[in-house]
1. If the chain between PHE97 and ARG83 were fully stretched, how many nm would it gain, using 0.36 nm times the residue separation less the Cα-Cα distance?
2. Per-residue counts of other Cβ atoms within 10 Å, averaged by peptide: what ranking do you get for 71-83, 46-58, highest first?
3. Sort out for me the Cα centre separation of segment 21-54 from segment 141-159, rounded to whole Å.
4. Measuring with a 1.4 Å probe in the full set of protein chains, what accessible area per residue, in whole Å², belongs to the chain?
5. Taking segment 71-132 on its own, what percent of its Cα-Cα pair distances exceed 17 Å?
6. VAL69: net charge of surrounding residues, Cβ under 14 Å, Lys/Arg +1, Asp/Glu -1, itself excluded?
7. Quick one: Cα convex hull volume of the chain, Å³ per residue?
8. Of all accessible surface on the chain at a 1.4 Å probe, what whole percent is carbon and sulfur?
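The values are calculated or read from the model by the stated rules, or taken from the named source; none is laboratory data. No experiment lies behind these values; they were computed from the predicted model shown. Glycine gets a Cβ as well: all are built from the backbone with ideal geometry, and neighbour counts include every protein chain shown. Accessible surface areas use protein heavy atoms only, side chains included; no ligands, DNA or RNA. Shrake-Rupley method; radii C 1.70, N 1.55, O 1.52, S 1.80 Å.
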Amino acid sequence: MDAQIIWTIVCGLAIVVGVTGVIIPVLPGSILIGISLLVWALVLGSPLGWIIFGIGAVFVAAGMVSSAVLTGRAMKERSIPGRSVVIGLVLGVVGFFVIPVVGLLVGFAVGLFLSELARQKEVRPAISSSVAALKAMGLGILAEFGFASLAAGTWAAGVLIHFLNR
């Protein structure tokens, strides 16, 4: 095996972890995909590698921006403060260690709800805004996952083109 094959395998595994990390926030996500594409382009040192990196980087950036915009817009429409999200994240991390597998999601949802309950002083509005925040974050994750998958697909096509023409 030569260095290109080894680095292609390593970058491929990192891209899979990155795509998975978009859905499971404990793992690194889009940033890992972008770094993997860059490493692969550097190892190849060919125009194809840089073209694939450029296209993939655009997809990665679009995914991160669309996730932030979609989530931020929905949170702003419902006047949900960033503090609620931060409290949700803190309890999500705690939940990750307390409840295996689903603790991150459960902890985040509980933290978000408790923060909204403290802010709004009523259960129904707190539930409503918490559900809206969870939907917004889910939509953002879905958008970022779609773009991360496009970046991974672009890389896979580049791998096929490179190794079939070698």
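1. Working: separation 14, 0.36 × 14 = 5.04 nm, distance 2.18 nm.
Contour length minus the Cα-Cα distance gives 2.9 nm.
2. On the way: 71-83: 14.3, 46-58: 17.2.
Peptide ranking by packing, descending: 46-58, 71-83.
3. 10
4. On the way: 9120 Å² over 166 residues.
Solvent-accessible surface per residue comes out at 55 Å².
5. Values: 693 of 1891 pairs.
Looking at segment 71-132, the distances longer than 17 Å represent 37 percent of pairs.
6. Values: positive: ARG73, LYS76; negative: GLU77, GLU144.
My count for the surroundings of VAL69 gives 0.
7. Numbers: hull volume 17.1 nm³, N = 166.
With only Cα atoms used, the chain gives 103 Å³ per residue.
8. Roughly 78 percent, rounded to a whole number.
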